[in-house]
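A short write-up of the structure that comes next.
Only the coordinates and a few stated rules stand behind these numbers; no lab work does. This one's a predicted model, so the numbers in the text were calculated from it and none came from an experiment. All Cβ positions, glycine included, derive from the backbone under ideal geometry; neighbour counts span all protein chains shown.
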Amino acid sequence: MPATIIDGKQVQASIREELAKKVQELKAKHGLTPGIGVILVGEDPASQSYVKSKEKTANELGYYSKTIRVPVETTEAEVLRLVGEFNKDPQIHGILVQLPLPPHINENSIIFAIDPKKDVDGFHPVNIGKLHMGEECFVPCTPAGVMELLKRTGVELKGKNAVVVGRSNLVGKPVSMLLLAQHATVTICHSRTKDLAAECRRADVLVAAVGKAKMITADMIKPGAVVIDVGVNRVEGGKLVGDVDFEGAVNVASAITPVPGGVGPMTIGMLMKNTFLAAERTLVK
Ligand code: GUN
């Protein structure tokens, strides 16, 4: 029997519906409108398209949103100044600096400058540290999206073998911590892992986040496993494919996310959720 297809678009639509209601309540009860400040340096087409979707979603949900677009040659000092302005602005509850930044700007310097209370990306060391400690924090959006999909699909994680392929700060490391917090036994694989196929075959839940088109093939998947594909790879002809060979995997897994339409749509929903939480947390002082 082919796997259940986990529909990220549908899950994201219900998250948006829930959030839109909560935003109206926050406005009515407390006169507070969640606000998001976005900084985009340069004109990378993928980044421009992400930022546009973020603006559109924020507007549709009734958020205040301010996007600052600056040219690619903008200095690190100027970007730091812009972050400082958003840190001070009471209308802005969440700050997002779109990555990647041009090579002359140190990404970590920028991330470190964001007020952790406004760090809705969850990239600041304070939030990363809290995530590792199991404290309340902003969880990075893509890993949060992965966990939300697992939760809403009813996947039990306690005692299960979870294998994460990829060890990035953006996805691999944080999603491993979140799976661990749900009592999974977590293995993190990467480019130097000796026998990747054997490691993957032990997975009850397999999360692929490497950025290599179709590198996880059907023979690497345990029959009945849940497969979450975080990869977004553009191949010849402009088509988007994941890190998992979907056509093969769908006949082995019990549930699988497609690319596009799986994890991707969840990310913006999680960003909006984090921004809502950032606004709400300003009420408890
Ligand atoms: N570029 C790709 N993904 C992300 C993300 O989640 N946050 C930011 N700030 N930039 C990105």
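Scan the range 139-198 for residues that are of a type in the set (D, E, K, R) and farther than 20 Å from Tyr50 by Cβ and jot them down.
Quick first cut of the range 139-198, residues of a type in the set (D, E, K, R) only: 148, 151-152, 156, 158, 160, 167, 173, 192, 194-195.
Result: Lys151, Arg152, Glu156, Lys158, Lys160, Arg167, Lys173, Arg192, Lys194, Asp195.
In the range 26-69, what count of residues is obtained for those that are away from the ligand (no atom under 15 Å from the Cβ) and either within 22 Å of Glu85 (Cβ to Cβ) or not in a helix (DSSP H, G or I) (or both)?
The total comes to 11.
Just for the range 144-177: of the residues that are in a helix (DSSP H, G or I) and among the aliphatic types (A, V, I, L, M), which one is farthest from Ala203 (Cα to Cα)?
Within the range 144-177, the match that is farthest from Ala203 (Cα to Cα) is Ala144.
Determine whether Met133 is aliphatic (A, V, I, L, M) and out of contact with any helix residue (DSSP H, G or I) (no Cβ under 6 Å at 6 or more places or on another chain).
Considered against the rule, which asks whether it is aliphatic (A, V, I, L, M) and out of contact with any helix residue (DSSP H, G or I) (no Cβ under 6 Å at 6 or more places or on another chain), Met133 comes out as yes.
When you scan the range 236-253, do you find a residue that is surrounded by fewer than 20 Cβ atoms within 10 Å (Cβ to Cβ) and on the phi > 0 side of the Ramachandran plot, even just one?
Checked the range 236-253: at least one residue is surrounded by fewer than 20 Cβ atoms within 10 Å (Cβ to Cβ) and on the phi > 0 side of the Ramachandran plot.
Give the range 95-122 a look and list any residue that's within 11 Å of the ligand (Cβ to nearest atom) and over 13 Å from Glu78 (Cβ atoms), or say none.
Residues of the range 95-122 that are within 11 Å of the ligand (Cβ to nearest atom), as a first pass: 95-101, 107, 110-111, 114, 119-122.
Those that are within 11 Å of the ligand (Cβ to nearest atom) and over 13 Å from Glu78 (Cβ atoms): Ile95, Leu96, Gln98, Leu99, Pro100, Glu107, Ile111, Ile114, Asp119, Val120, Asp121, Gly122.
From the list Ser109, Ser168, which one is polar (S, T, N, Q), loosely packed, with under 15 Cβ neighbours inside 10 Å and touching a residue at least 24 places away in the same chain (Cβ under 8 Å)? Before you say what the answer is, go through the steps one by one.
On the way: Ser168 fails: loosely packed, with under 15 Cβ neighbours inside 10 Å.
Exactly one of Ser109, Ser168 is polar (S, T, N, Q), loosely packed, with under 15 Cβ neighbours inside 10 Å and touching a residue at least 24 places away in the same chain (Cβ under 8 Å), namely Ser109.
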